[in-house]
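First up is the structure itself, then whatever we jot down about it.
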Amino acid sequence: MVDRLKLPLAFDPAGLQADLDRLSAEGWLPHFNRDRYDGDWSGLVLRGPVGGGESLYSGGEAFEDQPLLDRCPAFRAVMAALPCPLRSVRLLRLGPGAVIREHRDYDLGLDRGEVRLHVPVRTHADVDFRLRNRRVDMAEGELWYLDLSQPHRVANRGERDRIHLVLDAELDDWLRELIACDGPEPPPLREIEPIAAAEALAGFRALVASRPDLHAELRDIADRDLFADETVRLGAEHGFLFDARAVSESAAAERRRWNAAWLR
């Protein structure tokens, strides 16, 4: 199943940025998930829960446009171009040097009937958005579907803000067809003998220890299942064939050794 997709709609970045400039004097609210980020992650509400005021919280049963939207013809045009039911619509800003740590948004997903769409308004090449540890490069004005029920993280390593228009939408027939929910069947799992897998994993670990670039690819993954999948993928790319079970067993053995050392 697809976890990212640039959708066949695009919007004029100049118009989007003109709307953003009209809101430059507004008070941006810190994101409420304060344990997930370092630095400035803040936003403005254009459409939100009825009675929710300016809260960045995106949940609820009924939604309404907020007064800020009256000053934003380009943002309204984006919303009008999407015939699916829209729930919350927000501008989310990630300041220079800010980091959103890896997490999952479990309330989103095709199986949940609600998805999140992104339109970059201001961005640059030093924004590192990772979904399942694979970089997603989104250009200003593009419309993207992202499966954020999967592990994802963002780092703004530049000197300018990254600001996205973020739209939560109900999955209707139009949006389902646009995303093409039915992706290709995953390849069958490969059977690998445990001894051979352990030897290959040991070889790959030695390679990672000598390669800072490979170490960096795995260093920031917090999700255990994703770490195992990415280790298997990178290992195969470098000629070391093992499976996720070998990675999980090796990690469990390391934890047991660590615990034994501290419990003496």
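Relative contact order for the stretch 49-128: 20 percent, from Cα pairs under 8 Å spaced at least 6 residues apart, divided by residue count. Taking amide H atoms as placed 1.01 Å from N in the peptide plane, the amide H of LEU23 has no partner under 5 Å among residues 5 or more positions away or on other chains.
What number, in percent, do you get for the relative contact order of the stretch 202-264 if the mean sequence gap of Cα pairs under 8 Å and at least 6 apart is divided by its residue count?
24 percent
In terms of the mean number of neighbouring beta-carbon atoms within 10 Å, the peptides 236-246, 204-214 order highest first as 236-246, 204-214. Protein heavy-atom accessible surface, 1.4 Å probe, per residue over the chain: 53 Å².
Highest mobility in the GNM of the chain, judged by mean-square fluctuation with C-alpha springs under 10 Å and restricted to ASP40, ASP225, ASP173, is found for ASP173. Assign one of three labels to the stretch 23-130, namely rounded, prolate or oblate, based on the Cα gyration tensor with a ≥ b ≥ c the square roots of its eigenvalues; rounded applies when a/c is under 1.5, prolate when it is not and a/b is larger than b/c, and oblate otherwise. It is rounded, given that a/c, with a ≥ b ≥ c, falls under 1.5. Only the Cβ atoms of Lys and Arg (+1) and of Asp and Glu (-1) were treated as charged; on that basis the dipole of the chain about its Cα centre amounts to roughly 920 debye.
Of the GluC sites (Glu not before Pro) found in the stretch 119-165, those in coil by DSSP whose Cβ has at most 13 other Cβ atoms within 10 Å are GLU159. With the alpha-carbon atoms of the chain aligned to their principal axes, the span from lowest to highest coordinate is 64, 40, 33 Å, starting with the largest. Using just the helices of the chain, give the 222 nm mean residue ellipticity in deg cm²/dmol: DSSP H runs with n ≥ 4 each add -39,500 (n - 2.57), and the total is spread over all residues, rounded to 500. The helix contribution divided over the chain gives -9500 deg cm²/dmol.
Residues PHE63, PHE227, PHE75 ordered from highest to lowest accessible area at a 1.4 Å probe: PHE227, PHE63, PHE75. Computed from the Cβ-Cβ distance with R0 of 30 Å, the FRET efficiency linking ALA251 to ASN33 stands at 0.65.
Fully extended, how many nm does the chain gain between VAL2 and ARG135 (0.36 nm per residue separation, minus their Cα-Cα distance)?
Fully extending the segment from VAL2 to ARG135 adds 46.4 nm.
The portion of the accessible surface of the chain made up by carbon and sulfur, rounded to a whole percent, is 52 (1.4 Å probe; DNA, RNA and ligands excluded). Between ALA202 and ARG160, the modelled label-to-label distance comes to 5.1 nm, taking each label 7 Å out from Cα in the direction of the beta carbon.
With the charge dipole of the stretch 1-119 set up from +1 on Lys and Arg Cβ and -1 on Asp and Glu Cβ about the Cα centre, the Cα lying farthest toward the positive end among the listed residues ALA14, GLY109, VAL2 is that of VAL2. Note on the chain: with a GNM built from Cα contacts shorter than 10 Å, the maximum mean-square fluctuation among ASN33, ASN133, ASN156 falls on ASN33. The listed residues TYR145, TYR106 rank as TYR106, TYR145 when sorted by accessible area, largest first, using a 1.4 Å probe.
How would you rank 81-87, 192-198, highest first, on the average number of other Cβ atoms within 10 Å across their residues?
Final packing ranking: 81-87, 192-198.
Mind grabbing the accessible area of HIS103 for me, 1.4 Å probe, Å², rounded to tens? Its accessible surface works out to 20 Å², give or take rounding.
Fully extending the segment from GLN17 to GLU177 would add 54.6 nm, taking 0.36 nm per residue of separation and subtracting the current Cα-Cα distance.
The relative contact order of the chain comes to 20 percent, based on Cα pairs under 8 Å that sit 6 or more residues apart.
The values are calculated or read from the model by the stated rules, or taken from the named source; none is laboratory data. No experiment lies behind these values; they were computed from the predicted model shown. In this analysis, Cβ positions are derived from the backbone assuming ideal geometry, glycine residues included, and neighbour counts consider all displayed protein chains. Ligands, DNA and RNA are excluded from the accessible area calculation, which covers all protein heavy atoms including side chains. Shrake-Rupley method; radii C 1.70, N 1.55, O 1.52, S 1.80 Å.
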